[in-house]
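Have a look at the structure below before the remarks.
The values are calculated or read from the model by the stated rules, or taken from the named source; none is laboratory data. Computed from a predicted structure; not experimentally measured. Because the Cβ atoms are built from the backbone with ideal geometry, glycine has one as well, and the counts that use them run over all protein chains shown.
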Amino acid sequence: MEDERTLATVTHPSGLPDDWSKEDEEMIVEEHPPEAADNSHDSPPQGESLLEPEQHNLKEEVTSQLKSLQLEARVKEKESIANDLIEEIEELDEEEDKKRHLNVVFIGHVDAGKSTIGGQILFLSGQVDDRTIQKYEREAKDKSRESCNNIKPELNHQIVGADWYMAYIMDTNEEERIKGITVEVGRAHFETESTRFTILDAPGHKSYVPNMISGASQADIGVLVISARKGEFETGFEKGGQTREHVLLAKTLGVVKLIVVVNKMDDSTVKWSKERFDEIESKIVPFLRSSGYNVKKDVQFLPISGLMGSNMKTRLDKSICDWWDGPCLFEVFNSIEVPPRDPNGPLRMPIIDKYKDMGVVVMGKVESGGIHEGDSLLVMPNKANVKVLAIFCDENKVKRAGPGENIRVRLSGVEEEDILSGFVLTSVANPVGAVNEFKAQLQILELLDNAIFTAGYKAVLHIHAVVEECEIVELIEEIDTRKKKETDARKKRSKHKPLFVKNGAVVVCRIQVNNLICIEKFSDFAQLGRFTLRTEGKTVAVGKVVELPPAGNATFV
Ligand code: GTP
Ligand code: MG
């Protein structure tokens, strides 16, 4: 012990307090000198001192000075730790801000290869290791044997084969793997040098279009996957195929840019043929135009093989395909631009899903504004006051999230059963309104059995994460889209309220729902103001909200 004390004194010859743990030890030396300990039998009664009063005062003064120095140093030390932490957080924030975030939805006809491409992207970006791939390969082989022995006629598509292993990365549940069909929207994350991506792998099968709508409503850009395999492009693109339906829905749901990947270029019926690629491009382009896409500005085509991973992370090898000089998929991902989002707008986060986990956790995409840990917010339309306990972005806990982020938020102050998907997390100061009716401009696409569209028509309304039964209660006016040259919008409109309209019509109407829904005017807030109407599994109309009841009212009267 004495050695240590000596050492402690020696290491600070100047007496400067550069190591306070050792300074403590020096103080012990002063207060309990070894001699005092040795002559303990001569010690005065407890509480009395052997020192002269002057020495005693001096000692007290030195001790108190040392203590205050010590205190000062500790405060300084803590200050400096806090400053370091603040700097670190700022650096991390800067890092975060440097990388933009994009939500990409994969859409297209069933079996086009969406999940395979999603899986390949994760593999190429190092999210999945070789061993997992080998495991999936074995599993896919086993399943292909099973499915050969047990062909399910209701599937009405190819038998699950050994080459499905790449899709297993995205298709994680057993039903999806056995059937070889995506059902739920798969979610995954990956990064390139400039961008963090959330992948949303939508199902292509027509039975699951509502799930596709939910996936597309969270996306900024879309990857339209088209199979180049003989016969597959044709089936997917014909009337009733999901290529057309998905494109229309994506456009309506606010997917502003499309990357069209012509997939399966390695297939034996394609063999990287330029003619096949050109044929597909020439047929898709007019359709994209008629769906409202500006092909020159907002659409890019490229050939790939999702299964082989060709033209994805690196450019095509000339030995595989000698005519393609364009970029690979990752290059397009890095260079694609999306319109700026408003981080200072009022908070709007439609809730897509919820579950219990140390409180209630809600999932969704922030459409505008920001959200911070500790924020007091409102869940609409049920006006529940909640507090943000934690925010998770991908798998990471974060202090805040801005527009465009797909996040999970842990809330207090509300029960899980009081939240439904389609509810909106909003700021208290500027909450989203809740209504039972609204006026909309609708474009009728295709009515079932050429039905007519009149007041009383019922359908299912899909608007952001809301899915609600609705009824058209009034047709207000039909807009004549053929009078395009007419500059005065009023002249395009007929004077009388129409009694009915047919396929292809554009009509302004009033729509009612039974439950309160949180929506916005399209011109104020596009993401919460565009919708689709579906009935019996088919999309019959797309539309935008043009008028809401006066503030504070749920209906117009
Ligand atoms: P759904 O989710 O059900 O709409 O299908 P999907 O678009 O996700 O298709 P998926 O990735 O499940 O692939 C369907 C089949 O196409 C599987 O057998 C894949 O192995 C095969 N496939 C996908 N991409 C390619 C490719 O680039 N080349 C070849 N030859 N086959 C491919
Ligand atoms: Mg899939």
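Summary table
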| quantity | calculated |
| --- | --- |
| From the options 124, 155, residue that is surrounded by fewer than 17 Cβ atoms within 10 Å (Cβ to Cβ), more than 12 Å from ligand 2 (Cβ to nearest atom), modelled with pLDDT of 90 or more and on the phi < 0 side of the Ramachandran plot | 124 |
| Test for residue 338: is it among the hydrophobic types (A, V, I, L, M, F, W, C) and either within 13 Å of ligand 1 (Cβ to nearest atom) or assigned to a helix (DSSP H, G or I) (or both) | no |
| Selected residue (only one of 437, 417 is within 19 Å of residue 518 (Cβ to Cβ) and assigned to a strand (DSSP E or B)) | 437 |
| Residues of the range 99-121 satisfying the condition of being within 12 Å of ligand 2 (Cβ to nearest atom), within 18 Å of the chain's Cα centre (by Cα), part of a helix (DSSP H, G or I) and not basic (Lys, Arg) | 115, 118, 119 |
| Test for residue 497: is it crowded, with 16+ Cβ neighbours inside 10 Å and modelled with pLDDT under 90 | no |
| Selection count where residues are aliphatic (A, V, I, L, M), closer than 24 Å to residue 333 by Cα and either within 12 Å of ligand 1 (Cβ to nearest atom) or in contact with a Cys (Cβ under 8 Å, 6 or more places away or on another chain) (or both), scope the range 166-190 | 5 |
| Filter result (crowded, with 17+ Cβ neighbours inside 10 Å, among the β-branched types (Val, Ile, Thr) and within 12 Å of ligand 2 (Cβ to nearest atom)) within the range 174-208 | 181, 182, 185, 199 |
| When residues of the range 97-120 are limited to those that are over 14 Å from residue 185 (Cα atoms) and among the basic types (Lys, Arg), the one farthest from ligand 1 (Cβ to nearest atom) | 98 |
| Of all residues making up the range 357-375, the number that are within 13 Å of residue 411 (Cα to Cα) and part of a loop (DSSP other than H, G, I, E, B) | 6 |
| Test: residue in the range 381-403 that is under 21 Å from residue 347 (Cβ atoms), among the small types (Gly, Ala, Ser) and within 16 Å of the chain's Cα centre (by Cα) | yes |
| Residue in the range 334-342 that is of a type outside the set (Ser, Thr, Tyr) and closer than 18 Å to residue 117 by Cβ present | yes |
| Residue list for the range 513-541, restricted to those being surrounded by fewer than 18 Cβ atoms within 10 Å (Cβ to Cβ) and part of a strand (DSSP E or B) | 514, 515, 516, 535, 538 |
| Condition check for residue 456: more than 30 Å from residue 239 (Cβ to Cβ) and surrounded by fewer than 20 Cβ atoms within 10 Å (Cβ to Cβ) | no |
